[in-house]
Amino acid sequence: MQTTQEGEKAAIRVAITGAAGNIGYALLWRIASGDCFGNNQPVILQLLEIPPGMQRLDGVIMELRDSAFPLVHDIIGTDDPEVAFSDADAIFLVGSRPRTKDMDRADLVAANGPIFVGQGKAIDAVASPNVKVITVGNPCNTNALIASANAASIPSRQFTAMTRLDQNRAVGQIAEQARVPASKVEDVFIWGNHSNTMYPDPRFARVGNESVTDLFDNEWLQGAFLDTVATRGKAIIVARGASSAASAASAAVDHMRDWWQGSNGRIVSMALPSEGWYGVPEGLVFSFPCRCEGGEINVVEDLPIDEFAQTKIDENVKALLEERDAVSELL
Ligand code: NAD
Ligand code: LMR
């Protein structure tokens, strides 16, 4: 039971699946230190693993306790989703298999999709009705769709998927090319699926006061820049022998922090179930330009779409409809 000293916020419950995995190992320390929910917001960490991961999870929990984070009020480790998601205010759905270098992310849907049926049902049964869910496990857009479809009592807008890593990669590429720190790059964002079809849209992006489209030509923006961002996951797997982990954890923190605390007027990329925005079929979990305020995600609805952007949006709709068809029995 939590005790609340005068002036101290009540602890929130944060569930993380796959907590003993590579992303989990980077993510837990960021959440525990206050980077995500604020440095005055205590947390209770509710960590889920599958039985073969429980011994590793015990070790992770020992290390978390040894880090003596003031904001961590309790740590629960379990292999039961209904324990992990109990009254959860925020959930990071990470636990699932990463691809190997010979696979596309969509190839994981058969192995990982079923995980999100049971976890969706458990979220429906026991999580806070206001829970905010980010799906990281791949293919993350379609896994978020599966989880949401199995959690009928929770509004589908509360289920999101992570394209922030792709946005951060786009920022990194522009910053490197312009030889400025990443903090100077604003309002580049991602349309569509966390897959090779994604569209990192530079048309509204700025480096300081300069427009990115004035600084760089279309040959780079629609060529090497786009390809590097869209295929960065594979490049990391080839170079590192393992899929991105620290950068993925950092992006998950960015996504949930902005949702929880607001994006301060900045445009950020989040995949969420379409309400028909930009002609994207209703229900598809699609990455849109968003602003966050007061715990809500608001899609930026009035951006002009040129021919290239429309082609890329259409390509992503097609890919996501195919993924949705492939998992129709899980929805
Ligand atoms: P990992 O193999 O290191 O860790 C995954 C962990 O999940 C393991 O400890 C495993 O035991 C656990 N697990 C498996 N099934 C589970 C289940 N049903 N419930 C709870 N836990 C379960 O993998 P990782 O590097 O941490 O990557 C995790 C996932 O995140 C992969 O699917 C990967 O492709 C994806 N990913 C997504 C992005 C993105 O931008 N959306 C970025 C990087 C990685
Ligand atoms: C990434 O983008 O790094 C992850 O989705 C891992 C992958 O399979 O590409």
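When the residues of region 193-242 are filtered to those that are touching a residue at least 12 places away in the same chain (Cβ under 8 Å), open to solvent by 40 Å² or more (accessible area, probe 1.4 Å) and within 23 Å of ASP104 (Cβ to Cβ), which remaining residue is farthest from ligand 1 (Cβ to nearest atom)? My answer is GLN222. Scanning region 46-95 for residues that are more than 15 Å from ALA127 (Cα to Cα), within 14 Å of ligand 1 (Cβ to nearest atom) and buried (at least 19 other Cβ atoms within 10 Å of the Cβ) returns GLU49, GLY53, LEU57, VAL60, GLY77, VAL94, GLY95. PHE286 satisfies every condition listed in (1) of a type in the set (Phe, Trp, Tyr); (2) within 16 Å of ligand 1 (Cβ to nearest atom); (3) open to solvent by 10 Å² or more (accessible area, probe 1.4 Å) except (3).
The set of residues from region 5-48 being free of Cβ contacts under 8 Å to residues at least 60 places away in the same chain and among the aromatic types (Phe, Trp, Tyr) comprises just one member, TRP29. Scan region 299-331 residue by residue and report those that are within 16 Å of ARG157 (Cβ to Cβ) and loosely packed, with under 13 Cβ neighbours inside 10 Å. Result: GLU301, single match. Among the candidates ILE44, ILE115, the residue that is hydrophobic (A, V, I, L, M, F, W, C), closer than 19 Å to MET256 by Cα and modelled with pLDDT of 95 or more is uniquely ILE44.
Is it the case that ASP187 is in contact (Cβ under 8 Å) with a residue 40 or more places away in the chain, open to solvent by less than 50 Å² (accessible area, probe 1.4 Å) and away from ligand 2 (no atom under 16 Å from the Cβ)? Yes: the conditions hold for ASP187. Report whether or not PRO98 is more than 25 Å from GLY34 (Cβ to Cβ), near ligand 1 (Cβ under 9 Å from one of its atoms) and at pLDDT 95 or above. Spelling it out, it is not the case that PRO98 is more than 25 Å from GLY34 (Cβ to Cβ), near ligand 1 (Cβ under 9 Å from one of its atoms) and at pLDDT 95 or above. Scanning region 36-45 for residues being more than 15 Å from VAL94 (Cα to Cα) and buried (at least 16 other Cβ atoms within 10 Å of the Cβ) gives a total of 6. ALA11 meets all of the listed conditions (1) closer than 23 Å to ALA248 by Cα; (2) open to solvent by less than 40 Å² (accessible area, probe 1.4 Å); (3) not aromatic (Phe, Trp, Tyr) but one, namely (1). Restricting attention to region 247-305, the residues being of a type in the set (Gly, Ala, Ser), under 27 Å from GLU315 (Cβ atoms) and in contact with a Lys or Arg (Cβ under 7 Å, 6 or more places away or on another chain) number 3.
The values are calculated or read from the model by the stated rules, or taken from the named source; none is laboratory data. Here the structure is a predicted model, which is why all the values come from computation and not from measurement. FYI the Cβ positions are ideal-geometry reconstructions off the backbone, even for glycines, and counts take in every protein chain you see. Heads up: the accessible areas ignore ligands, DNA and RNA and are worked out on the full protein's heavy atoms, side chains in. Shrake-Rupley method; radii C 1.70, N 1.55, O 1.52, S 1.80 Å.
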